[in-house]
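One structure is given here, and the rest of the page talks about it.
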Amino acid sequence: MTDSNPLPACSILLLAGGRGQRMGGQDKGLLEWRGQALIAHLHTVVRPLSDDLIISCNRNAERYAAFADRLVQDDDGEFPGPLAGIRAGLQAARQPWLLILPCDAPLIDAALLQAMRARAAEQPDRPLLIRRGEQWEPLFCLLPLSLSDAIEQAWQAGERSPRRLLLQLDAQAFACAEDDPRLANLNTPELLAASAQRG
């Protein structure tokens, strides 16, 4: 990074507000992996990248508070899905961009996130989504806050799919290999255990 081409300032949102259905209803972000909670691994990676770290959580707020500057929660207590957390994060964000990550991806690294920020700066009015092979990964994304109103309007109109909405907003792809290990979602007990053993 140079002064002539700085990375865009971003708030960071870690999504930890789901039901954890594939984990038997457990709060995924607080599950232990390699000796620490999943959220702690994400915190270590992203903390140096922003002065505005937000966690979306709908339970265990006292435990998540140690890993964020601020917490947000869905305004609907029925776990309406990740777009609700994204919406809350956009409303809270203080920087012109919001970098969004799921809480169950502890292998993400700063180099990938910095590369995403650099790419996003080239087209500052468009969302940036990771595309792994042919598959979009809408929960690994960078959103310009200038799209907050459009996202809110879509929510009020009944939209609940982050992928569909962000593609409608002319998302640009950040291409990654289909088997990029940094994007692994450890969202079942089996995946969590297998990945921990490989470490």
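The values are calculated or read from the model by the stated rules, or taken from the named source; none is laboratory data. Values in this document were obtained by computation on a predicted structure and should not be read as measured data. Reconstructed Cβ throughout: ideal geometry from the backbone, glycine too, with neighbour counts over all protein chains shown.
Observations on the model:
- Test: residue in the stretch 41-60 that is in a strand (DSSP E or B), more than 21 Å from residue 181 (Cα to Cα) and of a type in the set (Gly, Ala, Ser): yes
Every residue, every condition in (1) of a type in the set (S, T, N, Q); (2) closer than 13 Å to residue 86 by Cα, yes or no:
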site	(1), (2)
120	no, no
125	no, no
135	yes, no
147	no, yes
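- Failed criterion for residue 156 (all others in (1) among the polar types (S, T, N, Q); (2) surrounded by fewer than 12 Cβ atoms within 10 Å (Cβ to Cβ); (3) within 16 Å of the chain's Cα centre (by Cα) hold): (3)
- Selection within the stretch 117-129 - surrounded by fewer than 22 Cβ atoms within 10 Å (Cβ to Cβ) and of a type in the set (A, V, I, L, M, F, W, C): 118, 121
- In the set 70, 47, only one residue is more than 14 Å from the chain's Cα centre (by Cα), modelled with pLDDT of 95 or more and either within 27 Å of residue 164 (Cα to Cα) or basic (Lys, Arg) (or both); that residue is 70.
- Test set (1) surrounded by 15 or more Cβ atoms within 10 Å (Cβ to Cβ); (2) under 17 Å from the mean Cα position of the chain (by Cα); (3) at pLDDT 95 or above - residue 184 fails condition number: (3)
- Residues located in the stretch 55-66, provided they are out of contact with any strand residue (DSSP E or B) (no Cβ under 6 Å at 6 or more places or on another chain) and touching a residue at least 24 places away in the same chain (Cβ under 8 Å): 58, 59, 60, 63
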